[in-house]
Amino acid sequence: MISSILQTLPQVLIDGLALGAIYAVVALGYTMVYGILELINFAHGEIFMTGAFVGTTVLFMFQSFGWLGGLPAWFSYLLIILIAMMVTGSLGVGIERVAYRPLRKAPKLISLISAFGVSFVLQDVVRFIAQLKTGNYIVTSDSLFSGRMTLDTSAISSVFGNASIKANTIIILIVAVLLMAGLDIFVNRTKWGVAMRAVAQDRETASLMSINVNKIVVLTFFIGSALGGATGVLFAQQYGTIDPYIGFILGMKAFTAAVLGGIGNIRGAMFGGIVIGILEMFASSNLGILTHGSFGAEYKDVFAFMILIIVLIFKPEGLFGRAVKEKV
């Protein structure tokens, strides 16, 4: 059993890092909004899904007009990501203005219900449009990069099997690292980032120091939603098949990653996403081996939510979060 697990370990790590990078970037949207408004934006998974559909639609348009033939693949990929980021970023700003801002002083439960409502609306709108245009809400697309290479791990140890890595996996890791590093630099090194951290710490005091809280909230929603849209494009290119319901389960796992790292902590969300991705791929690959065939890969989702329950019970502030004492 151990030898079988070790044989698949290199492939598990590669696939887990790619999936974890997607979870990590999506988790940033959850943790940014919570850090500013103390609101769990459960519509964020659907924004990710919308980004996947927008990116795929733009790809189909490029193909139908023959534009891809004259453009380098990397430039087309970058252009699709940028378009998806602008669309989903604007969508996130619109959602904040319509569904969250009027409820900012309402009880948190009301805002949470509004978030679920927006989630279901986005699901049905995207499904309606997809069925109207294609006749089917499940969409399949080709990848701009179809290359694949084999990594020989015999130099490390003979107990490990070889691993196959797709060109898209490399792109996911590169783009995700750039997005996460760019966000970290923006939040910690720029004037706007300082303002965001000030609003996250105390909105009232920040407003007294000439910080426009509404602008910071809009910026937060735009950045978080744009990151979700970019990740949707990466997901669609990696896995090829998307539907209007991919955002729910992936969004829940990304939320689990944010809670694991410490909701409101950007670097914690990155770490949590990578951990969840690797654990899920390990379960998907080896669950049948560990249970002697009693359970298959379809039970891999249980691991993410088990982690969520355990973290909430024993360390609700997350691995990198700070425990907040209630004022008496």
Entries in LYS108/LYS215; LYS253/LYS315; LYS133/LYS300 that, when Cα-Cα distance is taken, lie over 24 Å = LYS133/LYS300
If we sort 133-145, 218-230 on the protection proxy, mean other Cβ atoms within 10 Å, highest first, what's the order?
-> 218-230, 133-145
Which helices of the chain meet both criteria: a Cα extent of 27 Å or more along the helical axis and a mean Kyte-Doolittle score no lower than 0.5, with helices taken as whole DSSP H segments?
-> 2-37, 44-65, 73-95, 108-134, 167-189, 213-239, 266-290
Would you work out which of LEU39, ILE263, MET209 lies farthest towards the positive end of the dipole of the chain? Charges go on Cβ: Lys and Arg +1, Asp and Glu -1.
-> MET209
With a 10 Å radius around each residue's Cβ, average the other Cβ atoms per peptide and rank 44-53, 270-279, highest first.
-> 44-53, 270-279
P(r) over all Cα-Cα pairs of the chain, 20 Å bins from 0 to the longest distance, whole percent per bin, short to long, reads 30, 57, 13, 0
Expressed in nanometres to one decimal, the distance between label points 7 Å along Cα→Cβ at ALA167 and ILE310 is 3.9
ILE249 versus VAL218: modelled label distance in nm, points set 7 Å from Cα along the beta carbon direction | 3.8
At a Förster radius of 35 Å, what calculated FRET efficiency corresponds to the Cβ-Cβ distance of LYS105 and VAL194, to the nearest 0.05?
-> 0.85
ASP142 versus LEU112: modelled label distance in nm, points set 7 Å from Cα along the beta carbon direction = 4.7
So what is the relative contact order of the chain, in percent, for Cα pairs below 8 Å that sit 6 or more residues apart?
-> 36
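Could you work out the helix-only [θ] at 222 nm for the chain, with each DSSP H run of four or more residues adding -39,500 (n - 2.57) and the total divided by the number of residues, to the nearest 500 deg cm²/dmol?
-24500 deg cm²/dmol
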Hey, what's the Kirkwood Rh for segment 1-124 if you take every pair of different alpha carbons, in angstrom?
-> 17.1
If each K or R counts +1 and each D or E counts -1, the residues other than ILE95 whose Cβ falls under 12 Å of its Cβ total 0
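We did not get these values from a lab; they are worked out from the coordinates using the rules stated. Please read these numbers as outputs of a predicted model, since none were measured by experiment. Please note: Cβ atoms are built from the backbone with ideal geometry, for glycine as well, and neighbour counts cover all protein chains shown.
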